[in-house]
Amino acid sequence: MTSSDIYLTVDIGGTFTDIVVLNTATQQIIVEKVLTTYPDPSVAVLDGIRALISRTGIDVNAIAYVVHGTTLITNTLIERKGAPTALLTTAGFRDAIEIGTEGRYDMYDLALVKPTPLVERRLRFDVPERITADGAVWQALDTDALRAICEKLKTEQVDAIAICFLHAFTNPDHEIQAFEIVRELLPDVAISVSHQVAPGMREYPRTSTTVANAYVQPITAQYMARVEDGLRSSGVNAPLNIMLSSGGTTTVETASAFPIRLVESGPSGGALAGVYWGAQVGHPDVLAFDMGGTTAKAVLTKNGELTITNQSEVAHVHRFKRGSGLPLMVPMIELIEIGAGGGSIAHLNSLGLPTVGPESAGSTPGPSAYGRGGTQPTVTDADLLIGYLNPDYFADGTIKLDVDAAKIAFQELADSLDLSVDRLAWGVHQLVNENMAAAARVHGAERGLEIRRYSMVATGGAGPVHACGVAEKLGLKHVIVPPLAGVGSAFGFMTAPISFDFTRSYVSQLDALDLDELNQILDDLEYEGRSIVESAGISADVIDVQLSIDMRYVGQGYEVRVPFPKQILSTSHIAQIQEAFEAEYKQFYGQLANGVPIEAVNWRVVISSPKPEIGTLALDTEEDLSDESYTSRPVIFDANSEPYNTPVFRRNALRVDWQTDGPLIIEEAASTTVVLPDWLVQVDASGCLILTRKDNKS
């Protein structure tokens with residue numbers, strides 16, 4: 001590889017860690033895929049990078065840009081393996097984090113379980129102080145009481161403290177004073193303050209977010225240090241950028257201060273890849289479908305743009321049930337977890353019916369077919385048994401799949417259902433497809449979108465295996481399988497700008513806005529954001545500034561996000577803001593509430609660098625397709641039919657404009673594309689596989 005600027009990206013998944021390198025001079029892509037290591041995923045990251053450098057001989061001094069996305073934050077919250085954490089909050093409110101909203105996510109579940117707070121009650125402390133909703137000091141901070149609490153905390157051996165005072169987003173003075181006292185008395189403890197972590201209204205989500213940030217801060221800082229030190233010891237001196245859940249990247253310093261913003265950093269790469277490849281083939285509205293070894297995620301774009309939400313949940317006690325997780329108030333791409341991954345385990349539920357997940361075999365021990373000690377039936381085992389996967393060419397042949405082990409894993413479950421192993425494996429595959437299609441269908445309906453007009457972009461190791469099946473159930477006409485689909489998230493990181501956003505709650509009806517105060521707030525947010533982006537080496541004159549406003553009709557409980565040009569606001573802009581709100585509101589709800597006053601709630605400023613330029617990739621292809629370029633194997637496409645002897649092609653042997661009818665299978669190093677009967681596949685000029693339903697039914 002010639003010496004040039006080189007981009008290197010790393011994505012840690014639940015099963016595999018993906019590493020992608022792009023030489024910007026030759027446009028050559030190199031991929032390394034290794035099993036994720038537990039309990040320390042940095043081992044796989046560094047071992048994989050060293051293996052790639054050794055195998056390819058790339059010049060480490062030419063590596064100019066490194067982006068890393070990780071599941072560390074999500075896993076820490078799910079597994080409850082964060083730091084011992086204390087909460088300091090306004091007197092009388094220490095139980096608010098446990099009371100929550102008092103809502104029930106399932107009205108009829110008499111045994112309903114709610115998520116346990118990350119801070120146990122004995123480590124939640126009342127601090128005498130009170131600021132009113134308009135920012136006035138009603139009771140001064142009792143510094144003596146706070147110092148006494150800090151002395152007690154010295155004996156509790158906490159590693160992190162969350163400070164969340166009532167209405168701190170309107171006036172942070174008490175939180176600032178408290179931070180200084182805690183830092184003085186407990187200098188080695190990580191501290192999170194709500195006016196920096198989640199400066200918005202709604203006390204329970206704001207407290208939950210601040211606590212979660214504190215809970216993962218120490219482990220994140222240690223992890224980032226290990227990765228940075230490991231890169232330096234490998235000779236990689238390029239700055240390390242961390243992928244955010246909102247689709248941008250930031251510095252290690254900022255990521256360590258606000259680790260909760262990384263909670264969906266990996267899946268955001270899959271969404272970015274979906275947008276990028278959709279644009280390459282002229283399909284701006286896509287359903288980005290990313291299915292890996294542990295979970296499957298989906299994102300719907302709008303005119304080629306990703307929707308950002310500030311309301312999400314993590315660590316659900318009931319999978320897919322909104323309200324059963326810890327609420328977070330951080331910006332992230334609006335995505336849904338729509339199903340299982342390749343390692344998800346098939347079993348019988350409490351009603352004796354077959355189901356898949358949420359338990360996963362992960363990478364350790366992994367699916368039974370991996371031969372690493374797993375004994376339970378998984379989705380990967382099912383896909384192998386019905387012929388979709390090649391046992392000798394999985395993960396570029398680095399993992400030999402054991403068909404007999406997969407059969408043994410399914411045998412007990414098959415016997416209990418009085419089914420053959422093959423019939424059960426086919427049923428598990430179909431069940432997973434139906435679950436994912438149902439979740440995506442509901443998500444589209446909730447957003448008021450006609451999902452059948454979308455094209456699917458399938459990424460992840462298992463995404464192209466299941467894409468056609470899910471698309472058929474959704475009524476989609478096109479599936480796009482991009483080059484490097486198996487490492488789609490890691491590739492998507494390359495398209496991410498350096499970015500950060502800030503939010504401030506400023507609630508007012510449009511006709512009562514104090515524009516002088518509001519403009520000062522927006523200028524302050526822009527200044528904070530520019531400081532972070534410029535610290536990553538971005539020139540001030542190329543930075544982009546965008547504004548969005550969370551708005552609603554007076555009396556409503558939730559808002560819609562309205563984009564509006566960032567500028568000095570004057571009275572002449574009020575009518576334009578109202579028009580923008582009405583357009584977004586009608587798109588979402590279908591009608592307006594004419595005559596009801598409109599109010600703005602949150603003001604968000606996003607500061608970002610230009611997006612990295614990714615030119616035409618130099619894909620690894622052969623000159624032509626010959627008779628020797630494919631083989632065949634028996635594959636099950638229908639439960640009531642015998643296995644069909646199906647053509648199997650290697651993707652790098654397919655030239656541009658090559659096309660044929662399904663059924664067939666196309667294999668590549670990091671993924672496998674299954675083309676079902678009644679589908680046509682063609683190789684696009686971009687290198688994408690374009691799968692089209694021949695009957696064009698919708």
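Criterion first (in contact with a helix residue (DSSP H, G or I) (Cβ under 8 Å, 6 or more places away or on another chain) and either surrounded by 15 or more Cβ atoms within 10 Å (Cβ to Cβ) or touching a residue at least 60 places away in the same chain (Cβ under 8 Å) (or both)) does residue 691 satisfy it?
Yes: the conditions hold for residue 691.
Considering each residue of segment 134-182, count those that are loosely packed, with under 13 Cβ neighbours inside 10 Å, touching a residue at least 24 places away in the same chain (Cβ under 8 Å) and more than 25 Å from residue 216 (Cβ to Cβ), and give that number.
The number of residues fulfilling the criteria is 3.
Of all residues in segment 314-334, count the ones that are more than 15 Å from residue 213 (Cβ to Cβ) and either at pLDDT 85 or above or in contact with a Cys (Cβ under 9 Å, 6 or more places away or on another chain) (or both).
Residues flagged as more than 15 Å from residue 213 (Cβ to Cβ) and either at pLDDT 85 or above or in contact with a Cys (Cβ under 9 Å, 6 or more places away or on another chain) (or both) within segment 314-334 amount to 3.
Hey, can you tell me all the residues within segment 75-106 that are modelled with pLDDT of 90 or more, in a loop (DSSP other than H, G, I, E, B) and of a type in the set (Asp, Glu)?
95
For residue 568, which of the numbered conditions (1) loosely packed, with under 15 Cβ neighbours inside 10 Å; (2) under 28 Å from the mean Cα position of the chain (by Cα); (3) aliphatic (A, V, I, L, M) fails to hold?
Answer for residue 568: the failing condition is (2).
Residues in segment 429-451: is at least one touching a residue at least 24 places away in the same chain (Cβ under 8 Å), more than 21 Å from the chain's Cα centre (by Cα) and within 20 Å of residue 483 (Cα to Cα)?
No; the residues of segment 429-451 include none that is touching a residue at least 24 places away in the same chain (Cβ under 8 Å), more than 21 Å from the chain's Cα centre (by Cα) and within 20 Å of residue 483 (Cα to Cα).
Which one of these is part of a helix (DSSP H, G or I) and surrounded by fewer than 18 Cβ atoms within 10 Å (Cβ to Cβ): 579, 526?
Answer to the check: 579.
Please indicate, with yes or no, whether at least one residue in segment 397-408 is within 14 Å of residue 428 (Cα to Cα), of a type outside the set (Lys, Arg) and in contact with a Leu (Cβ under 8 Å, 6 or more places away or on another chain).
yes
Residues that are surrounded by fewer than 19 Cβ atoms within 10 Å (Cβ to Cβ), at least 3 per element: which strands (runs of 3 or more DSSP E) completely within segment 331-440 meet that?
Because the criterion is at least 3 residues that are surrounded by fewer than 19 Cβ atoms within 10 Å (Cβ to Cβ), the strands (runs of 3 or more DSSP E) in segment 331-440 that meet it are 354-360.
Tell me the residue from 530, 561, 552 that is basic (Lys, Arg) and touching a Lys or Arg at 6+ places or on another chain (Cβ under 9 Å), please.
None of the others qualify; the one that does is 561.
Any residue that is modelled with pLDDT of 90 or more, out of contact with any helix residue (DSSP H, G or I) (no Cβ under 8 Å at 6 or more places or on another chain), of a type in the set (A, V, I, L, M, F, W, C) and not assigned by TED's automatic domain parsing to the domain that holds residue 489 - is there at least one of those in segment 595-604?
So far as segment 595-604 goes, yes, one or more of its residues are modelled with pLDDT of 90 or more, out of contact with any helix residue (DSSP H, G or I) (no Cβ under 8 Å at 6 or more places or on another chain), of a type in the set (A, V, I, L, M, F, W, C) and not assigned by TED's automatic domain parsing to the domain that holds residue 489.
Just one of 683, 656, 674, 648 is touching a Cys at 6+ places or on another chain (Cβ under 8 Å) and hydrophobic (A, V, I, L, M, F, W, C); which is it?
674
The values are calculated or read from the model by the stated rules, or taken from the named source; none is laboratory data. Just so we're clear, the structure is a prediction, and the values are computed from it rather than from any experiment. Using ideal geometry, Cβ is built from the backbone for each residue, glycine included, and neighbour counts are taken over all protein chains shown.
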